[in-house]
Amino acid sequence: MTLPNVAYFSMEIALDQSLYTYSGGLGFLAGSHMLSAGYLQMPMVGVTMLWSYGYYDQRIDHSGNVEVAYIRKYYDFLTDINVEVEVETFGEKVKVKAYEVKPELFGACPVYLLTTDIEGNSEWAKRISHRLYDGDERIRIAQETVLGIGGIRVLQAIGYKFDVVHMNEGHALPAAFELLRQANGDLNEVKKKTVFTTHTPVAAGNEVHWVDTLMQGGFFSGCSREKAIELGGENFSLTVAALRMSRIANAVSQLHGLVANKMWEWVEGRCPIIAITNAVNLHYWQDKRITGDDSDEKLLATKREMKKELFKYVSNVAGKNFDPDVLTITWARRFADYKRAWLILMDKDRIEKLLNENKIQIIFAGKFHPDDVMGKEMFNKLLNKSHTLKNVVVLPGYELQMSAMLKKGSDIWLNTPLRPFEASGTSGMSANANGAVHLSIYDGWTVEGTFDGINGYTIEYEGLDDEMPWEERHWKDHDCLMDILEKRAIPTYYENKPEWARMMRQAIRTANAYFNSDRMLIEYYNRLYKPIAHDDSSTGEKKKELNISETPTFDAWTYSNIK
């Protein structure tokens, strides 16, 4: 049986450092999805936006604080496919032009990039594809309208006959409404083609807009106000509507599957939510020098070499000389409050003792949303604190290359979200693949992939999910984290090198065995795109069942000839 043609819609896709079409984890995940589709030659294309200024450039200004800068990007390696479609948004007919990232460029499946920053559009319309996740609500709605509706029209214009539209997060929801328009309002026809991935339980990741604003933005592709409210509410939830317009949806870790089903259980008429755990593309993320099959001495020597490469960069950027023989801890991810970059520094005396005695070195890196005042303030506080703390640096400009360098050059990859808000936390997987031991709150993918004392350390204690004030929770998590460092990780690293090498090796093997996006993509095909067995109650269709009522018989000749 033939595999379905899949169109994967995502607001951001991280294929390579040279193409600034991503902000962070969601884009990294989407990029791994596209790369595995290319490597495995699956029938898939990606659809995303071509951001003229990317997300933003993060650097330190003359005052010593972080600066958000917008620098126009230029590319000469994209293929102009001479396709232009039109999308109406906020009363304007906006031209949408498409470029292709050819498979041979980065090894991914074909990816189509949409832009409105072209001649013939108004200055406002050009702004739509300027900045990823623009803080202006009207621009943000227009971005999603262009991605979803424009993306469907571009694929149809080039003759790509998709069987499945995969909405990676709710940003691409207008694609489902465009399909609804083309199906003359038949929602069951839309559900046959549409699947959805929800990535986070955090409110900011589940967008809500007033229905009339979305109507003005052309978000619903001609769908009536009444029907839109029926699907997503008057204060319209993109996630709720996506769950009602899809045949099936997935969460991104097994724990997140439980959280998502509980979180959205009140939604009448929603599709089933299964769990498909995220993964990373090892062809991209894993350093070829580190396999996990080497001797202890070779494995530790390779890690030391990778640390020296990272520390040369640290010295150039932050003016601090890190020691490759000191246990190095990295916290690098999106600067959002619930991810708690500051957790390890809560007890000043306790952490400074470890730093001053050269027991540990700490690296922080990551981006905040440009309009996130709290995230920016958190970054600046850590940055300014790092100037007076020994063995601590904060690195600006967190992009793909830096992320890869950090994962290769770290001994411990630290993950400190507030449970259960981390849906997956994929960065720890690519760190594991490079022999960095995961030290994490028991959340997201950690629950199924970090085994305490075997391939990493997990922050767990009695009463983990008891109700308690946030401040008490922070201190409990901090104390457990510090106990692990002081009593287990540090003694093992310095006093029992064979044991540390064993944990590194198991971390690598865990990543290779399961947290590889080739596995993830195959699971998407088998469970989401073309389920091997699925009773689709949303459309009333039922897969043909296997006939196992009769047991076949075999004669003696059959058995004698089976070798």
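Values quoted throughout were computed directly from the atomic coordinates according to the rules given, and no laboratory measurement underlies them. Model, not experiment: these values are computed from the prediction. Note that we place each Cβ from the backbone using ideal geometry, even for glycine, and neighbour counts take in every protein chain shown.
Annotations
- When you count the other C-beta atoms within 10 angstrom of each residue and take the mean per peptide, 413-424, 343-354, 300-311 line up highest first as 413-424, 300-311, 343-354.
- Per-residue packing, averaged as other Cβ atoms within 10 Å, sorts the ranges 142-151, 249-258 into the order 142-151, 249-258, beginning with the highest.
- Note on the range 446-491 and the range 272-286: Cα centroid distance 24 Å, given to the nearest whole angstrom.
- With an a/c value of 1.5 or above and a/b not larger than b/c for the gyration tensor axes a ≥ b ≥ c computed over the alpha-carbon atoms, the range 11-132 is described as oblate.
- Restricting the trypsin sites (Lys or Arg not before Pro) of the range 89-170 to loop positions (DSSP other than H, G, I, E, B) with no more than 12 neighbouring Cβ atoms within 10 Å leaves LYS161.
- Packing-based order for 385-392, 203-210, using average beta carbon neighbours within 10 Å, highest first: 385-392, 203-210
- Compared with the alpha-carbon gap, the fully stretched path from TRP124 to ASN384 is longer by 89.8 nm at 0.36 nm per residue.
- For the range 313-321, Karplus couplings with θ = phi - 60° (6.51, -1.76, 1.60), whole Hz, Gly/Pro x: 5, 4, 4, 5, 8, 10, x, 10, 9
- Cβ-derived FRET efficiency at R0 30 Å, LYS353 paired with LYS298, nearest 0.05: 0.35
- For the chain, the mean residue ellipticity at 222 nm estimated from helices alone is -10500 deg cm²/dmol, where every DSSP H run of n ≥ 4 contributes -39500 (n - 2.57) and the total is divided by all residues, rounded to the nearest 500.
- Whole-angstrom gap from the range 212-239 to the range 55-87, using each part's C-alpha centre: 30 Å
- For the chain, share of DSSP beta bridges that run antiparallel, in % to the nearest 5: 35 percent
- Summing +1 for each Lys or Arg and -1 for each Asp or Glu among the other residues whose beta-carbon sits under 12 angstrom from that of LEU3 gives 0.
- When the square roots of the Cα gyration tensor eigenvalues are ordered a ≥ b ≥ c, the ratio a/c for the range 381-509 is under 1.5, which makes its shape rounded.
- The alpha carbons of the chain occupy a box of 81, 70, 50 Å along the principal axes, longest dimension given first.
- Among the GluC sites (Glu not before Pro) found in the range 93-128, those both in a DSSP coil and sparsely packed, with 14 or fewer other Cβ atoms within 10 Å of their Cβ, are GLU119.
- Cα centroid separation, the range 419-438 to the range 137-193 (Å): 32 Å
- Test item: Cα-centred dipole of the chain, Lys/Arg +1 and Asp/Glu -1 on Cβ, debye: 1100 debye
- Computed over the range 1-134: relative contact order in percent, which uses C-alpha pairs under 8 Å that are six or more apart: 25 percent
- Residues ASP452, ASP371, ASP76, sorted so that the one with the fewest Cβ neighbours within 10 Å comes first: ASP76, ASP371, ASP452
- Three-way shape label, the range 286-515, alpha-carbon gyration tensor, a/c 1.5: rounded
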